[in-house]
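One structure below.
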Amino acid sequence: MKSFIILIYLFGAVLFAQTGREIAEKANATQRGFIDESVNTTMYLINANQDTVIRHLKNLTIERENQEDYSLIQFLNPPDVRGTGLLTYQNPAGDDQQWLYLPELRRVKKISSRNKSGAFMASEFAYEDISGNTLDKFEYKLIGEETYNGKPCYIVERTPTYRNSGYTKIKSWFEKDTHLLVRSEYTDRKKSLLKVLTLEDYQQYETGTYRANTMRMENLQTKKKSVLKFEERQLKVGLDEKTFNKRSLQRLLK
């Protein structure tokens, strides 16, 4: 009888065990439902000698059906980058469309899929990090569990399925109780550990959406860091899809 009970327990554990994909789906759900979003961002670029450059940005995002979201990032200062902007049309299963506006050249440049692994504005964030990490861009494998910062976490290995990614795999930690992403380790094309991303200071909004107020990306090979601090975040502000076009890139956001 005891053996039978153990078998029933083991069968139930297997039956209700989550897959890596299911964990990622629950994590994705914590980020959705925001309708649209406006947030001010301070970017800190820190080199190996701890010298720091500070930049201020404005981020706008609008949520669309099937996660085909639009986003617009514009640099407000310092003067040497003021007006530089990035427009992204998210493709949930393939290459996003991205355009970069360089005010000194007065032209909009489309970012080719081969350049998505390049650094965004001298930061440790690549263009592919800035675009949406939607579910169908990866394959998933649950590889373990671990306590991270005092919280039990699932560890899921994500393998990019889209072309020209700069990563061969991304190892991610998701809190068990909330499914919030708290850490990711990025392995480059040479299969060496390249970067570590940590997400901190999560806040839940009235829409049910969670957002991290601090993101830190550390390049383990160059010892450089980029830190994003988000402030004055507003959801459901009534943005129009017409705001997200190449012409808008050439106007300063208010």
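Couple of notes before you dig in:
- Mean-square fluctuations from a GNM of the chain, with a 10 angstrom spring cutoff on Cα atoms, peak among GLY208, GLY118, GLY166 at GLY208.
- For region 26-250, with +1 on Lys and Arg beta carbons and -1 on Asp and Glu, the positive-most of SER165, LEU235, ILE54 along the dipole: SER165
- Where trypsin sites (Lys or Arg not before Pro) fall in DSSP loop in region 74-126, at most 11 other Cβ within 10 Å: ARG106
- Using the Cβ of LYS137 as centre and a radius below 10 Å, the other residues enclosed give a net charge of -4, where K and R count +1 and D and E count -1.
- Cα-based shape type of region 26-250, given that a ≥ b ≥ c are square roots of the gyration tensor eigenvalues and the cut on a/c is 1.5: rounded
- Rounded to 10°, Cα long-axis angle of helix 2-16 versus longest principal axis of the chain: 20
- The angle between the Cα long axis of helix 20-29 and the main principal axis of the chain comes to about 50°, on a 0 to 90 degree scale.
- Neighbourhood charge, 14 Å Cβ-Cβ cut-off, centred on LYS176 and excluding it, Lys, Arg +1 and Asp, Glu -1: -2
- Cα centre as origin, Lys/Arg/Asp/Glu Cβ charges: the chain dipole, Debye: 840
- The phi-based Karplus calculation (6.51 cos²θ - 1.76 cosθ + 1.60; θ = phi - 60°) puts the 3J(HN,Hα) values of region 66-76 at 6, 6, 8, 5, 10, 9, 9, 10, 9, 7, 9 Hz, whole numbers, x for Gly and Pro.
- Close amide H contacts of LEU220 (hydrogens built in the peptide plane, cut-off under 5 Å, sequence separation of 5 or more or a different chain): LYS195, VAL196.
- Nonlocal amide H pairs with TYR148, under 5 Å, H built at 1.01 Å: CYS153
- CD proxy at 222 nm, helix term only [per DSSP H run n ≥ 4: -39500 (n - 2.57); per residue of the chain; nearest 500]: -3500 deg cm²/dmol
- The length gained on full extension between GLN221 and ARG251, counted as 0.36 nm times the residue separation minus their Cα-Cα distance, comes to 7.1 nm.
- Charge context of ASP188, other residues only, Cβ under 12 angstrom, K/R +1, D/E -1: +4
- The phi torsions of region 49-57, fed into the Karplus equation with coefficients 6.51, -1.76 and 1.60 and a -60° offset, translate into couplings of 8, 6, 5, 10, 10, 10, 10, 10, 10 Hz, rounded to whole numbers, with Gly and Pro shown as x.
Values quoted throughout were computed directly from the atomic coordinates according to the rules given, and no laboratory measurement underlies them. Fair warning: this is a prediction, and the values are worked out from it, not measured in the lab. In this analysis, Cβ positions are derived from the backbone assuming ideal geometry, glycine residues included, and neighbour counts consider all displayed protein chains.
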